[in-house]
1. With +1 on each Lys and Arg Cβ and -1 on each Asp and Glu Cβ, how big is the dipole of region 11-171 about its Cα centre, in debye rounded to the nearest 20?
2. Take 145, 56 and order them by how many other Cβ atoms sit within 10 Å, fewest up front.
3. Would you kindly calculate the mean projected area, averaged across all directions, of the convex hull enclosing the Cα atoms of the chain, in square nanometres?
4. Mind pulling up the Rg/Rh value for region 74-174? Radius of gyration and Kirkwood radius, both on Cα.
5. Mind checking which of 29, 123, 86 has the largest fluctuation in a GNM of the chain, springs on alpha carbons under 10 Å?
6. Rounded, prolate or oblate: which one fits region 78-132, using the alpha carbon gyration tensor with axes a ≥ b ≥ c (rounded when a/c is under 1.5, else prolate when a/b beats b/c, else oblate)?
7. Mind pulling the per residue volume of the convex hull built on the Cα atoms of region 1-70? Å³ is fine.
8. List the chymotrypsin sites (Phe, Trp or Tyr not before Pro) within region 13-85 that fall in a DSSP loop (any state other than H, G, I, E or B) and whose Cβ has at most 15 other Cβ atoms within 10 Å.
Amino acid sequence: MHAFERLKPMSMLLGIVLLVVGVVFLAAPDRVTEFLAILVGASITVFGIFRVMTVVAMWKTIVNRNLLLTFGIVTMAIGFFLLFNPEVTIAITGAILGVFAILLAVDRFVTANRLKREINVLPTVVSGLIHLAFGIGMIYSAIIVFAIIIVLIGIYLLIAGVMFILSALFFHDF
């Protein structure tokens, strides 16, 4: 049996999994966004717990142990808060991404102004406008923008799942 023939069932399974996840992303983008926010809160909480346990376990040998212990406890508390308040996690993440996008927009506009006599700056200005719109959208309503992104990911996952299944069944490239 050819090595690629043995991979065929695995690619079919992966295609089906991608289809299912894509459907979930499309059917419930708000719940997926909330789940990802909870996952962020849980990750921060686990990191804080790990930091506290590490400091306590190596108490006698660690320099700045009080500062590191405080950092661990604060991180754990922030993670715990975010874990049970996913809308806050989404809002904070959206605000951070929004500010970053607005800074990128400013960079594009400054670059366009600097190069306006040398090149066609229309693509640079359009890029700046896209960054600006995304940034304002993220700051204004991160939950809606994240839901749109989740839907786009869902569409991609559906297409990828179909392509995996078609590749395994008809294209013989697996």
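Computed from the coordinates by the stated procedures, all read-outs in this text should not be read as laboratory data. Predicted model, so just to flag it, every value in this text is computed and none were measured. Neighbour counts run over all protein chains shown; Cβ positions are idealised from the backbone, glycine included.
1. Roughly 480 debye for region 11-171.
2. 56, 145
3. Computing the convex hull of the Cα atoms and averaging its projections yields 17.4 nm².
4. Details: Rg = 19.9 Å, Rh = 16.7 Å.
Result for region 74-174 is an Rg/Rh of 1.19.
5. Result: 123 has the largest fluctuation of those listed.
6. Prolate, because a/c is 1.5 or more and a/b exceeds b/c.
7. Per-residue hull volume (Cα only) is 144 Å³.
8. 59, 84
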